[in-house]
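Notes to accompany the following structure.
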Amino acid sequence: MTAAQDSGINRPDQGRGVIDGAFRLLSLLPEVTGDHQLNQLAELSGIPRPSVYRLMSQLQHVGAVDLVGRRYVVGPSITELARRAEPAKGLRDRALPYMSALRQRSGACVSLVAPASQGAVILEVLPGRDQLPVHIHAGRVLPDLAAASLILNAAEVPDRVDPVRRTAVDHQHIVPGLHCFAAAITLPDGGRAALQIATNEPITSPDDLRLAQEASHRIGAALRADAAQ
């Protein structure tokens, strides 16, 4: 079996294989930060490089990715879809004031994260004071073991998840030099979203942790009050 056949690109159900391949590349794109981007995407996805090149060109044609210099980045159409995919009506509007206050107090990058069919996706981001080692943007699909993903998937990772406080941490587990703390937001239907802060240094300040937890609780309470009206 050739690599192309194994990737699903040349199977009889080629249409589905192409779609699967395109989504695989989109999910991997934010993680590929070095040089030789297409080679890295081919290696991580298992899709042959010629197919990667063809799929990225097709994604660019429909606006799913943009070519900036010699690098592909997530395009505006994907970002806009993420912005519309609220798991609860009014989540973004209710969250933004608390996110702004949290960023101002902590200086951290603050993200609003929601569950998605392939894990967790960032709905909104307020950049912090520092340049992070990875680009965090609306529409980004988070790795399964990111702090906010652990919250949304109720994963049992004892050294990183506190099920009582409903918080999770990521101290360089995903990206070297990136530290994250996430707190659950309880939605009116009982589901969850998450508020995540990210910095270049370990997040150890009790005030920052408390502020993030309080913000998540207040966002959830506001949404539930709206739903009860």
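A few remarks follow.
- Peptide ranges 96-109, 123-136, 178-191, 57-70 listed from the most packed, as the mean C-beta count within 10 angstrom indicates: 178-191, 96-109, 123-136, 57-70
- Surface per residue (accessible, 1.4 Å probe) for the chain, Å²: 52 Å²
- Axis of helix 14-28 versus longest Cα principal axis of the chain: the two differ by about 50°, to the nearest ten degrees.
- About the Cα centre, charge dipole magnitude for the chain (Lys/Arg +1, Asp/Glu -1 at Cβ), debye: 460 debye
- The chain: angle of helix 206-228 to the longest principal axis, Cα-based, in degrees nearest 10: 90 degrees
- Once the Cα atoms are used to define both axes, helix 49-61 deviates from the longest principal axis of the chain by about 60 degrees.
- For the stretch 92-229, the relative contact order works out to 23 percent when only alpha carbon pairs closer than 8 Å and six or more residues apart are counted.
- Highest to lowest packing among 210-223, 148-161, scored as the average C-beta count within 10 Å: 210-223, 148-161
- Carbon/sulfur fraction of accessible area - the chain, other protein chains in place, 1.4 Å, %: 52 percent
- FRET E, pair Arg70, Arg165, Förster distance 35 Å, beta-carbon r, rounded to 0.05: 0.20
- Using a Förster distance of 22 Å, the FRET efficiency for Gln131-Gln172 (Cβ separation, nearest 0.05): 0.85
The values are calculated or read from the model by the stated rules, or taken from the named source; none is laboratory data. Note that the structure is a prediction, hence the values are computed from the model and not measured. Positions of Cβ are generated from backbone atoms using ideal geometry, with glycine treated the same way; all protein chains shown enter the neighbour counts. What goes into the accessible areas is simple: the full protein's heavy atoms, side chains included, and nothing from ligands, DNA or RNA. Shrake-Rupley method; radii C 1.70, N 1.55, O 1.52, S 1.80 Å.
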